[in-house]
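Note sheet for the following structure.
The values are calculated or read from the model by the stated rules, or taken from the named source; none is laboratory data. Note that the coordinates shown come from a computational prediction; the quantities given were computed from them, not determined experimentally. Here the Cβ positions follow ideal geometry from the backbone for every residue, glycine too, while neighbour counts run over all protein chains shown.
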Amino acid sequence: MNKSSIPAGQKVALSLLLDDHRKAKKLFKAFEDAKDDSEKESIAREVCMELTVHTQLEEELFYPALRKADEVFADMLDEAEVEHASAKDLIAQVEGMHPGDDLYDAKVTVLGEYVSHHVEEEEEEMFTKVVSKKVDLKELGEQMKARKEELMQAAMAT
Ligand SMILES: [Fe+2]
């Protein structure tokens, strides 16, 4: 999805999620290109933190708002919830590991594949429906922005 095609009332909320998606994809690409273990580890830690905040933001604010807005989202949101659970499980595993451990690279790579799938489904199906159904996200966008800042600060403090 292209940011310029997002209507004004949905811009803040959807742009925030699109930016998160772009950032995660960039980090996975950087992981692939990483030269050594310490670089790998710092990229993996950052991507795990970003994804934890992203999934929490979607689960706390974005998904409930869509569920309330229209029943057309119900199946998509159920699937997203299941996918988030698998992603969170993998994130927890990666966070407990170090480069050089068995399956470390494989786990980060598979997490990247989950994320690609997540991005595609959200941007191609969910967000386009949000636009076509004209879901009002004006207030939610501001809430999401504020909550994201809070979660990032908390994550960086640990
Ligand atoms: Fe997302």
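Looking at 25, 40, 11, which one is of a type in the set (D, E, K, R), farther than 26 Å from residue 127 by Cβ, in contact with a helix residue (DSSP H, G or I) (Cβ under 9 Å, 6 or more places away or on another chain) and surrounded by 15 or more Cβ atoms within 10 Å (Cβ to Cβ)?
Answer to the check: 40.
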Note to self: Just to verify a result, which residue in segment 120-134, among those that are in contact with a Phe, Trp or Tyr (Cβ under 9 Å, 6 or more places away or on another chain) and buried (at least 20 other Cβ atoms within 10 Å of the Cβ), is nearest to residue 11 (Cα to Cα)?
What the structure shows: 130
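Determine if segment 34-57 includes at least one residue that is more than 16 Å from the ligand (Cβ to nearest atom) and farther than 23 Å from residue 156 by Cα.
Yes, because at least one residue in segment 34-57 is more than 16 Å from the ligand (Cβ to nearest atom) and farther than 23 Å from residue 156 by Cα.
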Notebook entry, point to check: When only residues in segment 1-52 that are part of a helix (DSSP H, G or I) and among the β-branched types (Val, Ile, Thr) count, which is farthest from residue 135 (Cα to Cα)?
Noted result: 43
Notebook entry, point to check: Out of (1) within 16 Å of the ligand (Cβ to nearest atom); (2) modelled with pLDDT of 95 or more, the odd one out for residue 94 is which?
Noted result: (1)
